[in-house]
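Read-outs: derived from the displayed coordinates by stated rules, not from any lab. Remember, predicted model here, so these are calculated numbers, not experimental data. Glycine also receives a Cβ, built like all others from the backbone with ideal geometry; neighbour counts cover every protein chain displayed.
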Amino acid sequence: MEARTHPTGETLYIDSTTGENGSKGPFYIVYHTERGDRQWGFFCSNCDTFDTAVDSMGRIQCNNCNNINKADVWDAAHE
């Protein structure tokens, strides 16, 4: 895992071997520790930022470049 410093000064660990596909590039899983025992969030590989959000439907979106991952499972009633 790659150690990166969050803008707040916290060291976080990016696992570039796992993640979710995005419209502009993959989102990699970020952990609190190098052991990978506690997930922190996601890292946008398109613009190299931790500034991402996940909604209640499981969609991941970068707040910086608008890279988006749509959830794999959805309820057709909402379409």
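The table below lists the values:
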read-out	value
The listed residue being surrounded by fewer than 13 Cβ atoms within 10 Å (Cβ to Cβ) and within 17 Å of ARG4 (Cα to Cα), out of THR49, THR33	THR33
Residues that are assigned to a strand (DSSP E or B) and farther than 22 Å from CYS62 by Cα, drawn from segment 28-42	none
Lone unmet requirement of (1) without any contact (Cβ under 8 Å) to a residue 24 or more places away in the chain; (2) loosely packed, with under 12 Cβ neighbours inside 10 Å for PRO7	(1)
